[in-house]
Amino acid sequence: MNTAFSTWTATRAAGLARLDAFLPHAGRAYAARRNHAVDAPTVSGLSPYLRRRMVTERKVLTRVLARHDETAAEKFIDEVFWRAHFKGRLEGQPEIWTRYRQSLAQDRAALDRDPALARRYADAVAGRTGIDAFDAWVAELEATGYLHNHARMWFASIWSHTLGLPWALGAAFMHARLLDGDPAANT
C-alpha cells in the first residue's frame, strides 16, 4: 500500500514540498524504478496537486530540468506530457466526456435490470470478489485515494475482462475515489 497519500494535504505548499522531495529521483532513478516500487521515492506523488492545479506542469518541468538534464529526465518528462496530451484531447473533443456519461447512465440502468450484473458490481466495489489483489486494491483505494499506475491498469483489466463489468462503471468508481481522478485520464 502506498502510504504517501494516506496523509495527503491539499495545499500548494504541500505540493511544492512533495516536488522538492521527488526532485532527486526524477532522472534516471525514475526511469529505472517507476513501474516497480509502489511506495518508493521514484513514485512522484504529484498527480493530486497537478490535477487540482496547486502545482503546474510548467513548474514541475522547470524544477526537474534545473536538476536533471533532459536525457536523464526524459521518462518523467514524457509522463508529464502524456498527462497534458490527454487533457488537450478531452478539451478538443468534449464529446468523449458526453459519450462516457451516456455509457455510464446506460450501465447504471443495466444494474437495475440485471441482478447478476448488480451482484458482481456490488461485490467488486465492496472488495469481495475473491480475487486477492483486486480486493486489496479496492481497500487501498478506499483508504488512501490512490493506486499505483500499474495497479490501476490491472484493476481495470480484471474489472472488465474477469468480472465482466462495464468499463464506464469502473471509471466512475475510480474517479470518485482517486485523489488525482481526472476526466481526461480516467475516461
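Just tell me the longest site-free run in the chain, where the sites are trypsin sites (Lys or Arg not before Pro) in a DSSP loop having at most 16 other beta-carbon atoms within 10 Å. Provide the component values of the computation, followed by the final result.
Details: sites that count: R52, R53, R128.
My reading of the result: 54-127 is the longest stretch.
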Placing each pseudo-label 7 Å from Cα in the direction of the beta carbon, W82 and R67 end up separated by a distance in nanometres of 2.0
Among T144, T42, T162, the residue with the largest mean-square fluctuation in a Gaussian network model of the chain built from Cα contacts under 10 Å is T162
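By its C-alpha gyration tensor, with a ≥ b ≥ c as the square roots of the eigenvalues, how is the stretch 95-177 shaped: rounded for a/c under 1.5, else prolate for a/b larger than b/c, else oblate? Write down the numbers at each step before the final one.
On the way: a/c = 1.94, a/b = 1.26, b/c = 1.54.
Here the stretch 95-177 falls in the oblate category.
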FRET efficiency for A156 and T56 from the Cβ-Cβ distance with R0 = 22 Å, rounded to 0.05, comes out at 0.20
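Quick note: the coordinates plus some simple rules give every number you see, no bench work behind them. The structure displayed is predicted, hence computed values, not measured ones. All Cβ positions, glycine included, derive from the backbone under ideal geometry; neighbour counts span all protein chains shown.
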